[in-house]
Amino acid sequence: MRKKIAAANWKMNCTLPQAEDLLNKLSTANVHVTEEKISIIAVPYAYLLLAKQILAAKQNIFVAAQNCYTKKSGAYTGEISAEMLQSMQIPYVIIGHSERRDYFNETNSMLADKVNIALEYNIQPIFCCGEALDIREAGTQNSFVEKQLKDSLFHLTNEQIIKVVIAYEPIWAIGTGKTATNEQAQEMHQHIRKVLAGKFGNDIANNISILYGGSVKGANAEEIFAQPDVDGGLVGGASLNAEEFSTIINSL
Ligand code: PGA
């Protein structure tokens, strides 16, 4: 059975005192998580260990990084490696968020390298895909997302792909307050699962969690998560408020 996941993506937000406060609130929040319904909190690198420490007693709430570099180590000023994340026992890393693709020119092939190195160090990638507004308006979103998956994930073995979490995030819905309709989300998630099934088989595709991201809030999480192929969400803005994010976790 695939897991249901409420993932927080803090992006480049929170000072140290703010991060501490938010983590403390999350650590005492009344959230229902189990082995099958988990939460993942992707914080800025600087707060990874703090987050692990504050959430240490919370079973089934995990800490994630928001990115890692393609190389093992070396002269890459400002970057962080999968090996470093592993040494801090960080179990998940977001790979290929649209902001990384857009602002930092991350390409499908670079993301394939990032997925590889994360898996090499036993860190589960949360692989992001999704189309911009012009592609949606042209009606070519299915083939666009399919290419993202093919270019960055299709070289993986069955044992590797099963460790990947997919996050479908239509760029036009990120931080805009404009959520995809339940039908649009379901349609794309079903398409993604079909693409995965075509390459890796039905059993594997049915066991991969596919999260929706883009203006998920406490008020709309339940209906989006109720779609048959939507296995939870990757949440930006609304994850910066402990109460709101707790509602989202409890909507799984
Ligand atoms: P949002 O961001 O929830 O603020 O739209 C989602 C994301 O970019 O992961």
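Consider segment 124-143. How many of its residues are part of a loop (DSSP other than H, G, I, E, B) and open to solvent by less than 10 Å² (accessible area, probe 1.4 Å)?
Looking only at that region, the number is 2.
Going by the structure shown, is residue 94 in a strand (DSSP E or B), within 16 Å of the ligand (Cβ to nearest atom) and in contact with a strand residue (DSSP E or B) (Cβ under 8 Å, 6 or more places away or on another chain)?
Criteria met by residue 94.
Please pick out the residue among 70, 77 that is over 15 Å from residue 48 (Cβ atoms), among the β-branched types (Val, Ile, Thr) and surrounded by fewer than 13 Cβ atoms within 10 Å (Cβ to Cβ).
That would be 77, the only listed residue that is over 15 Å from residue 48 (Cβ atoms), among the β-branched types (Val, Ile, Thr) and surrounded by fewer than 13 Cβ atoms within 10 Å (Cβ to Cβ).
Based on what the data block shows, is residue 131 modelled with pLDDT of 95 or more, farther than 20 Å from residue 71 by Cβ, among the charged types (D, E, K, R) and touching a helix residue (DSSP H, G or I) at 6+ places or on another chain (Cβ under 7 Å)?
yes
When you scan segment 144-165, do you find a residue that is of a type in the set (Val, Ile, Thr), surrounded by 15 or more Cβ atoms within 10 Å (Cβ to Cβ), assigned to a strand (DSSP E or B) and modelled with pLDDT of 95 or more, even just one?
Yes: segment 144-165 contains one or more residues that are of a type in the set (Val, Ile, Thr), surrounded by 15 or more Cβ atoms within 10 Å (Cβ to Cβ), assigned to a strand (DSSP E or B) and modelled with pLDDT of 95 or more.
Kindly establish whether residue 175 is touching a residue at least 60 places away in the same chain (Cβ under 8 Å) and either of a type in the set (Asp, Glu) or open to solvent by less than 40 Å² (accessible area, probe 1.4 Å) (or both).
So residue 175 does not fit the description; no.
Which numbered condition in (1) β-branched (Val, Ile, Thr); (2) farther than 19 Å from residue 125 by Cβ; (3) more than 15 Å from the ligand (Cβ to nearest atom) is the only one that residue 248 fails?
Evaluating residue 248 over (1) β-branched (Val, Ile, Thr); (2) farther than 19 Å from residue 125 by Cβ; (3) more than 15 Å from the ligand (Cβ to nearest atom) leaves (3) as the failure.
The values are calculated or read from the model by the stated rules, or taken from the named source; none is laboratory data. If you're wondering where the values come from, they're calculated on a predicted model, not measured in any experiment. We place every Cβ from the backbone using ideal geometry, glycine too, and count neighbours over all the protein chains shown. With ligands, DNA and RNA removed, areas are computed over all heavy atoms of the protein, side chains included. Shrake-Rupley method; radii C 1.70, N 1.55, O 1.52, S 1.80 Å.
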